[in-house]
1. Are there GluC sites (Glu not before Pro) in the stretch B:1-86 that DSSP marks as loop and that have at most 14 other Cβ atoms within 10 Å, and which are they?
2. How far is helix A:198-215 tilted, in degrees, relative to the longest principal axis of the Cα atoms in chain A, given as a value from 0 to 90 rounded to the nearest 10?
3. So between A:K327 and A:K141, what do we pick up on full extension, going 0.36 nm a residue minus the alpha carbon distance?
4. Which cross-chain or sequence-distant (5 or more) residues have an amide H under 5 Å from the amide H of A:R361, H modelled 1.01 Å from N in plane?
5. Quick query: amide H of A:E157 versus all other amide H atoms, modeled in the peptide plane; which residues come in under 5 Å with a sequence gap of 5 or more or a different chain?
6. Once each part is reduced to its C-alpha centroid, what is the distance from the stretch A:93-170 to the stretch A:349-390 in angstrom?
7. With contacts defined as alpha carbon pairs under 8 Å and 6 or more residues apart, what's the relative contact order of chain A in percent?
8. Report relative contact order for the stretch B:97-231 in percent, whole number only (criteria: Cα-Cα under 8 Å, sequence separation at least 6).
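A short reminder: the numbers here are calculations on the coordinates, not readings from a lab. These numbers were taken from a predicted model, which means no experiment stands behind them. With ideal geometry, Cβ positions are generated from the backbone for all residues, glycine too; neighbour counts draw on all protein chains shown.
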Number of protein chains: 2
Amino acid sequence: MDTEFIERLVIQNDKKIIFLIMDGLGGLPQETGGKTELETAVTPNLDSLAASGTCGLLDPVGCGITPGSGPAHFALFGYDPVKYNVGRGLLSAAGLDFPLVQGDLYMRANFATLNKFGHIADRRAGRLETEKNKLLCIKLKANVHLQAVKEVFFVTEKEHRALVVLRGGKLSEQISETDPQRTGEPPLDAKALIPEAENTAAAVRELSDKIREVLAKEEKANVMLLRGYSGFHSFPSMAGRFGLKPLAIASYPMYKGVARLLGMSLAPETSTIEDEIQALVANYANYDFFYIHIKATDSRGEDGNFAEKVKAIEKVDSLMPEIFALKPDVLVVTGDHSTPAVMAGHSFHPVPVLLAAKTCRPDAATTFGESACLMGGLGRIPMKYLMRVALAHAGKLQKFGA
Amino acid sequence: MDTEFIERLVIQNDKKIIFLIMDGLGGLPQETGGKTELETAVTPNLDSLAASGTCGLLDPVGCGITPGSGPAHFALFGYDPVKYNVGRGLLSAAGLDFPLVQGDLYMRANFATLNKFGHIADRRAGRLETEKNKLLCIKLKANVHLQAVKEVFFVTEKEHRALVVLRGGKLSEQISETDPQRTGEPPLDAKALIPEAENTAAAVRELSDKIREVLAKEEKANVMLLRGYSGFHSFPSMAGRFGLKPLAIASYPMYKGVARLLGMSLAPETSTIEDEIQALVANYANYDFFYIHIKATDSRGEDGNFAEKVKAIEKVDSLMPEIFALKPDVLVVTGDHSTPAVMAGHSFHPVPVLLAAKTCRPDAATTFGESACLMGGLGRIPMKYLMRVALAHAGKLQKFGA
């Protein structure tokens, strides 16, 4: 049953749903038979919520599939992660609030360093200063002009990361990336993946060459590596599909991008978890769906730092009473994917989830952890179905059939 | 894998399968951490069956979807509940044994009361007496004639409920209902939901007007509200799909309707659970699949009466030895959906199921209840797959592939 089916059943009411997303929450023990990060963390508040709520495990994309953050987040919000998968360029563009236009081609770009042999010496140009990045983007915008494309935009993201946009021309996202994803090799030539993309591939080769000319005398940032191509895609909004008035509380462009593409309002920039919770409290009266994104859990997992990931989880637990005080009708705590510290990266393991509402049936999970979730009443379900379960507990879905 | 796949694997043998369906069986505790109706009920016979059999949980339509009785029953019998979803009108018509003809339009009708402002004062006309309903249907049949439709039938169901059938004309089920589903408002005009349905909508508006003229002087039943439109749809039979010779033991038109549409034979009318079990015993030699429908569990759930739903379950448990004595090869005990008394209506929660056969693998469920079913060997599966599991345990499915 596809994810569109649900739209016909949606009814509106004033019930409120909170999705508290600890990025990369799922984990692994440090030694065989040990405890995961979530199981190691002392989380009395989440445990009491697990005891009264319903637990389970979510597969972001499918059994054995390690998801990127984009597809995982689409799944969280009830969008089929395969059908709605798009290149990272579009997510970045939306996250930066770049004005999106049909026909655009969006790319993620890294400033990088080439050595004298033309091989990549540093894929991040020594984690370029953001201010320097801004200066270079201005210089590139002024000097890079392509034959077959009307406009080229260079937008600073942070450190070595930027967004490049081609506008005006018959552009295709079906071209190969110029970033070889490792050092010691030259940048790759963009190639057409389908015959219709030949013109775009030629334009991107021209783009790469002109960027190198402009950056030729830079010491660190003397090249740009391009990837994550995406054209413009529009998405049915959460308001239209689910009748929700959603607010996103997130600080990274990627997550803000997904939220914007799905029509969520964005809370003003926050920098700490405490600020995020305060933003929730401050805006609670004005929305009925809240997405709170906690990045630290994933970052510490990516760092391979088990102890710090545990601490990040404990930090969130300590703030739960402020969320409890709002008495949300449905409170969901989960992650978008697993990032076990021992793997120092995203993994394919299913993600623990906890849903609390008055209509929860008791289950055997009395703490919040991966093993306990195996005994949870939600079972193990595709992540894209989480939203419908939350809507159901909020009384926002009418009966199917007579 | 779709529900048609299984047909190619079916083989016939003389093994017998019983589906004992307690309508609305699944429930919720009255307070957080408490027990559900099924868990509260003292059910020594079902518990012993759970201990030796295999337990699990069924999703009638899908995660988070609250099913109507129609789709839930189609799923029970192995029919995809979305693909085979039809308007309630057809189920009522089949249940009343109305002779179905291709091209008919079937509608559920309520006699209702309009006040002097033309607003609905009572959607059930004071739960009209069935005898009065019959008199009015005769009067309507004699006096209501439509321009674009050859025949109109009015068939009494029970109390305020009736079936209305249009026959002879190019009719579409894609029109809007005239029942606003609440009091204090006027009946709605039927409208076309697709351009091709304009003629039907006009005919139903004419129908509504003429019914009001005929009923104008009635004190209570001075209007009919129309809904649940359905054309004629035919269904592949259980005999054809599964090689079964099925008998339905049910007393409500809706369930008899589903059974007839799937080609089941119907046992003579019964009024108590004891009578239903007696009908099973009396007919046991002549069929190989038995569907026994117990309505009381759902009715008490709909009433919001936890204690009486518990008693209804205990009543069924007390009669189980009579079923055990038949030594069926496969005995399935489950519901069509959940009707928690605390919600006083259908819900989206998965439905506990128990399957007993010689080929059951042991599991950790030693009592029959929602929490115990979480540890059951069947896991949590779509309800439409229950039938194939039952067929498999009955040795009625051959190996797939070499």
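1. Here the GluC sites (Glu not before Pro) that fit, given the DSSP loop and packing criteria, are B:E4, B:E31.
2. Orientation of helix A:198-215: about 70 degrees from the principal axis.
3. Value of the extension gain: 62.0 nm.
4. none
5. A:A162, A:L163
6. 42
7. It rounds to 34 percent for chain A.
8. On the way: 293 pairs, mean separation 46.4, N = 135.
The normalised contact order for the stretch B:97-231 reaches 34 percent.
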